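For reference, the structure discussed in these notes is given below.
The values are calculated or read from the model by the stated rules, or taken from the named source; none is laboratory data. None of these values were measured; they are calculated from a predicted model. Neighbour counts are summed over all protein chains in view; Cβ atoms, including those assigned to glycine, are modelled from backbone coordinates with ideal geometry. Note: areas computed on protein heavy atoms with side chains; ligands, DNA, RNA excluded. Shrake-Rupley method; radii C 1.70, N 1.55, O 1.52, S 1.80 Å.
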Amino acid sequence: QVQLVESGGGLVQPGGSLRLSCAASGNIFTIYNMGWYRQAPGKQRELIAVISWSGGNTNYADSVKGRFTISRDNAKNTVYLQMNSLKPEDTAVYYCNADVHIIGRGRISSWGQGTQVTVSS
């Protein structure tokens with residue numbers, strides 16, 4: 001019904017930057033909040049950034065505030081995460097999540113497959 005595909009992960013040195021993208025496709029009527037989560041080995045999945053439909057409201061986890069920026073392009077059904085000043089502790093699998101209204105089905109929470117981000121020298 002709806003697919004979220006992430007891209008942009010990889011290996012980066014401490015202090016470096018990466019930009020993640022997550023594109024939604026399918027029978028989409030509209031997408032409400034979109035967010036990015038991450039899960040490090042042995043840890044629970046945590047919400048790190050969320051953005052409202054209009055893009056006017058954003059919230060960040062304290063651990064990434066001031067370094068990461070979430071944005072979206074509603075024309076492309078895509079959410080982005082610009083990650084700057086990366087630290088080794090940012091190493092994790094990053095997942096996008098979208099609150100989607102599917103045509104003929106209603107509102108669901110959909111997840112991407114995840115993209116690995118590794119911060120290491």
Count of residues meeting criterion [under 14 Å from the mean Cα position of the chain (by Cα), buried (at least 20 other Cβ atoms within 10 Å of the Cβ) and either farther than 13 Å from Glu6 by Cβ or β-branched (Val, Ile, Thr) (or both)] in segment 84-103: 1
Test result for Pro41, at pLDDT below 95 and under 17 Å from Ser120 (Cβ atoms): yes
Unmet requirement for Ser54, which otherwise passes all of (1) surrounded by fewer than 13 Cβ atoms within 10 Å (Cβ to Cβ); (2) over 16 Å from Tyr80 (Cβ atoms): (2)
Yes/no for Ile28 being open to solvent by 80 Å² or more (accessible area, probe 1.4 Å) and of a type in the set (Val, Ile, Thr): no
Residue within segment 10-17 that is touching a Lys or Arg at 6+ places or on another chain (Cβ under 8 Å), more than 23 Å from Asn77 (Cα to Cα) and open to solvent by 60 Å² or more (accessible area, probe 1.4 Å) present: yes
Those residues of segment 54-68 which are at pLDDT 95 or above, farther than 22 Å from Gly16 by Cα and in contact with a strand residue (DSSP E or B) (Cβ under 6 Å, 6 or more places away or on another chain), in sequence order: Thr58, Asn59
